[in-house]
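Working notes, beginning with the structure itself.
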Amino acid sequence: MSRNKVKKVSIAEASRVVEEGLQISDANRLNGLQGLSRFRISKAKMQTRESQRMQTKYGSNEARVQQLNNKLEANENYISGLRMEANRATVETEQVDERSWVAKGRVYDRRGCPITGAKVSLFAANGKPIKQVAATISDAKGRYRLVYQASDEELSKVTPSATGENAAGVRINTNVTGASDNQGSSSGAAVNSERYQQSVFIRAVDRQDDSLCTDSTLLVPKLGQCNYRDLIFDTDLSHQLVSDIDKDRRSSRYLGNASTLELHDLKNEKTSCQIDEMRADRCVRFKSIKEAESLGYDFCAYCFSKAKSKR
């Protein structure tokens with residue numbers, strides 16, 4: 001009776017196969033998100049047309065009109081969530097050296113519009129700022145990146161795990177360490193927790209109105225790792241972004257309205273196009289007509305001609 005031969009596979013080969021499988025899964029997930037987003041955008045287009053028809057026939061105060069508008073609002077929020085999730089899916093894995101810790105992500109308003117110029121800082125769990133990590137400003141796409149670089153002295157304070165790795169967390173909040181910390185609760189009870197002292201959160205503040213801010217969930221920094229967190233303002237800051245988006249969107253010739261799936265040619269813009277009336281969170285820039293057509297966009301009858309438009 002012959003024995004089955006067992007093929008020996010190296011750890012490197014096994015890791016390669018797993019990594020390739022993860023990359024395929026990530027690509028499939030991104031395609032799924034983009035496909036669902038296209039479906040939802042098409043649905044929003046039909047809901048908008050139906051709402052306009054019903055408002056003309058029954059008036060804006062009609063219960064059925066308000067009910068449909070509520071559904072349209074919910075669908076637009078769903079589209080915003082899909083957009084943010086697709087952005088997360090396209091983030092490349094960052095290799096961080098063993099002396100550093102990185103936190104990055106994007107800052108959005110509740111409509112899913114990227115917030116430009118928000119101040120992003122790191123705080124200890126008890127709400128005190130961490131001075132060892134410099135604050136940063138979100139860029140034109142709402143992206144931010146915070147970096148902690150451990151010194152030799154700080155590395156000596158890290159408690160290694162049983163595996164010899166720095167898995168117990170990095171004490172970057174040394175300015176708030178002590179025998180006990182206070183969470184600021186009504187009871188004023190002191191907390192003496194190793195995990196609590198090592199936990200941190202990320203805060204984004206709108207620089208035009210510092211009363212508007214949002215915090216991430218708690219996380220524990222670890223050397224050699226990169227944590228991703230999106231920060232979402234619970235308000236609509238689109239009115240503050242119009243000028244920036246207006247500048248940005250005109251850097252591309254073709255501009256789409258995500259609500260109506262209508263494509264405009266900014267080099268042949270007409271007054272009737274009402275480009276300036278478009279909501280900031282519905283502006284989608286395209287590099288080419290083909291790219292817009294692949295997503296189901298139709299041509300504006302004013303800047304592309306009635307013959308080319310199917311509307």
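The values are calculated or read from the model by the stated rules, or taken from the named source; none is laboratory data. If you're wondering where the values come from, they're calculated on a predicted model, not measured in any experiment. So basically every Cβ, Gly included, is an ideal-geometry build from the backbone, and we count neighbours across all protein chains shown. Accessible surface areas use protein heavy atoms only, side chains included; no ligands, DNA or RNA. Shrake-Rupley method; radii C 1.70, N 1.55, O 1.52, S 1.80 Å.
Taking the Cα centre of the stretch 266-311 as origin, work out the dipole magnitude from +1 charges on Lys and Arg Cβ and -1 charges on Asp and Glu Cβ, in debye rounded to 20. Could you put the intermediate results ahead of the total?
Values: 11 positive and 7 negative charges, 38 e Å.
The dipole of the stretch 266-311 has a size of about 180 debye.
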Discussion item. Tell me whether the stretch 58-136 comes out rounded, prolate or oblate; compute the Cα gyration tensor, take square roots of the eigenvalues as a ≥ b ≥ c, and use a/c under 1.5 as the rounded threshold.
Written reply: prolate
Response to the item:
Of Ser259, Ser211, ordered by accessible area with the largest first and a 1.4 Å probe, the sequence is Ser211, Ser259
Item to complete: Calculate one ³J(HN,Hα) per residue across the stretch 208-222 by plugging θ = phi - 60° into the Karplus curve 6.51 cos²θ - 1.76 cosθ + 1.60, and present them in order as whole Hz with x for glycine and proline.
Response: 7, 8, 5, 7, 9, 8, 8, 10, 7, 6, 5, 8, 10, x, 9
Worksheet item: Can you list residues whose amide H is under 5 Å from Gly296's amide H, if they're 5+ apart or on another chain and H is modeled 1.01 Å from N?
Response: none
Worksheet item: What nm distance separates the two modelled labels at Leu266 and Glu50, each placed 7 Å from Cα along Cα→Cβ?
Response: 3.3
Practice prompt. Provide the gained length on full extension for the span Ser305 to Lys57, in nm with one decimal, where the gain is 0.36 nm per separating residue minus the Cα-Cα distance.
Written response: 86.4 nm
Worksheet entry | Built amide H within the under 5 Å cut-off of Tyr302, gap 5+ | none
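Rounded to the nearest 0.05, what FRET efficiency is calculated for Ala12 and Gln34 with R0 set to 22 Å and r the Cβ-Cβ distance?
Details: r = 33 Å, r/R0 = 1.51.
The formula returns an efficiency of 0.10 here.
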Worksheet, complete the sentence: Mean accessible area per residue over the stretch 46-135 (1.4 angstrom probe, all protein chains present, square angstrom) is 53
